[in-house]
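Single-structure report; data block below.
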Amino acid sequence: MVNNLNYVYFGYDKFSAAKNMAIDEILKNRCEKDNKIYIRFYDFEKPCVILSYSDSKECLRKEAFENKEIEISRRQSGGKPIYIDSNILAYSIIGPLNKETKEFTSTVSVHNYFGIHIAEAIDKITEIGRERITIGDVYSIKIDGKPVAGHAQFPTLSHSFFYHGVLAVGKWDALKINSLLNLSKADFEALKVSPCITELLKREENINKDIDSIGKTKQDLAKMILELISGSKYQEIDSKEKSIIISDAESLVTNKYSTKEWIDESNKGIKLKTDSRFCLLYEG
């Protein structure tokens with residue numbers, strides 16, 4: 001446990017994909033100055049496909065661009081394309097890199113440090129047995145050898161990092177994902193049998209996998225992850241401070257995250273990749 005830093009809980013919110021990505025960037029810049037670790041959980045206003053920093057739009061099928069119910073966005077971190085809907089709990093952990101945070105000297109150490117707490121939270125919620133939950137390669141968390149959570153990172157050496165993740169609370173919609181992304185047959189088949197939290201719950205009230213059950217489970221997981229990572233020692237962000245951050249993020253959405261240039265090209269000059277492996281299943 002990092003004892004030299006203040007953990008700040010940003011909240012559990014719902015925004016567009018572009019605004020969620022922008023908030024992460026604002027917090028990453030902010031934590032370098034205030035020496036705090038921000039933890040936030042969030043939903044998305046509508047289903048979305050989020051490209052990584054290095055993905056080409058060619059990873060997407062024509063349906064993704066024609067379906068007005070789907071938002072297309074791009075994040076600052078690496079990995080592969082991800083699809084997110086109401087079945088998924090999303091979270092970001094954002095903090096400084098300095099002499100006080102020696103535990104976070106590499107992307108592997110960041111994943112090992114926070115991933116253990118997320119695995120513990122899954123065990124406490126599901127009661128399936130900690131031995132079934134493992135910290136996988138390429139920033140995954142697995143149940144019985146199959147990924148239930150995936151993470152992407154964006155470190156700036158000696159400055160800051162963010163570690164953001166998606167956790168399957170309800171089932172992945174494999175058919176929908178396959179209609180939006182140029183998935184390999186292997187990824188499509190793997191998605192259909194991937195684990196999710198609601199299928200593992202023993203609590204009788206959660207056996208019915210409807211939206212209310214998924215929403216409650218997401219809230220329970222978020223609370224447990226927050227408490228385990230912070231050791232129950234965190235402060236909630238001041239409401240005025242949060243409003244300023246959200247306002248700054250809205251400007252960043254306008255100037256970057258919602259622009260055609262960012263979604264089409266990322267940063268100009270880098271070669272974008274057309275390998276459309278599903279991010280949760282990608283193992284390098």
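The values are calculated or read from the model by the stated rules, or taken from the named source; none is laboratory data. Because the structure is predicted, anything quoted here is derived from the model rather than measured. Backbone-built Cβ (ideal geometry, glycine too); neighbour counts: all protein chains shown. We work out accessible area using only protein heavy atoms, side chains counted, and drop any ligands, DNA or RNA first. Shrake-Rupley method; radii C 1.70, N 1.55, O 1.52, S 1.80 Å.
Points to keep in mind about this one:
- Which numbered condition residue 157 fails, given (1) under 23 Å from residue 7 (Cβ atoms); (2) hydrophobic (A, V, I, L, M, F, W, C); (3) at pLDDT 90 or above: (3)
- Taking segment 100-121 as the range and being closer than 25 Å to residue 23 by Cβ, open to solvent by less than 20 Å² (accessible area, probe 1.4 Å), in contact with a strand residue (DSSP E or B) (Cβ under 8 Å, 6 or more places away or on another chain) and assigned to a helix (DSSP H, G or I) as the test, the residues that pass are 104, 110, 111, 114, 115, 118.
- Subset of segment 122-153 (residues that are over 25 Å from residue 75 (Cα atoms), in contact with a strand residue (DSSP E or B) (Cβ under 8 Å, 6 or more places away or on another chain) and open to solvent by 40 Å² or more (accessible area, probe 1.4 Å)): 132, 134, 145
- Scanning segment 53-99 for residues that are open to solvent by less than 10 Å² (accessible area, probe 1.4 Å), polar (S, T, N, Q) and at pLDDT 95 or above yields 73, 92.
This table checks each residue for (1) touching a helix residue (DSSP H, G or I) at 6+ places or on another chain (Cβ under 8 Å); (2) without any contact (Cβ under 8 Å) to a residue 60 or more places away in the chain; (3) closer than 25 Å to residue 222 by Cβ.
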| position | (1), (2), (3) |
| --- | --- |
| 68 | no, yes, no |
| 71 | yes, yes, yes |
| 83 | yes, no, yes |
| 94 | yes, no, yes |
| 102 | no, yes, no |
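- Among the residues examined, residue 127 does not qualify as modelled with pLDDT of 95 or more and over 28 Å from residue 156 (Cα atoms).
- Some residue of segment 142-164 being part of a helix (DSSP H, G or I) and either in contact with a Gly (Cβ under 6 Å, 6 or more places away or on another chain) or not polar (S, T, N, Q) (or both): no
- Selection status of residue 27, part of a strand (DSSP E or B), touching a residue at least 12 places away in the same chain (Cβ under 8 Å), open to solvent by less than 60 Å² (accessible area, probe 1.4 Å) and in contact with a strand residue (DSSP E or B) (Cβ under 8 Å, 6 or more places away or on another chain): no
- Selection status of residue 3, open to solvent by 10 Å² or more (accessible area, probe 1.4 Å) and either modelled with pLDDT of 95 or more or touching a helix residue (DSSP H, G or I) at 6+ places or on another chain (Cβ under 9 Å) (or both): no
Rundown of residues vs (1) open to solvent by 30 Å² or more (accessible area, probe 1.4 Å); (2) in contact with a Pro (Cβ under 7 Å, 6 or more places away or on another chain); (3) at pLDDT 95 or above, yes/no style:
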site: 172; (1), (2), (3): no, no, yes
site: 185; (1), (2), (3): yes, no, no
site: 203; (1), (2), (3): yes, no, no
site: 213; (1), (2), (3): no, no, no
site: 221; (1), (2), (3): no, no, yes
site: 224; (1), (2), (3): yes, no, yes
site: 247; (1), (2), (3): yes, no, yes
site: 253; (1), (2), (3): no, no, yes
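- Pair list, Cβ < 8 Å and 6+ apart or interchain, from segment 240-256 residues that are under 14 Å from residue 20 (Cβ atoms) to residues that are of a type in the set (Gly, Ala, Ser) and in a helix (DSSP H, G or I): 249/22; 250/22; 252/22; 253/18; 253/22; 256/22
- Residue match in segment 75-90 (condition: in a strand (DSSP E or B) and either of a type in the set (S, T, N, Q) or over 12 Å from the mean Cα position of the chain (by Cα) (or both)): no
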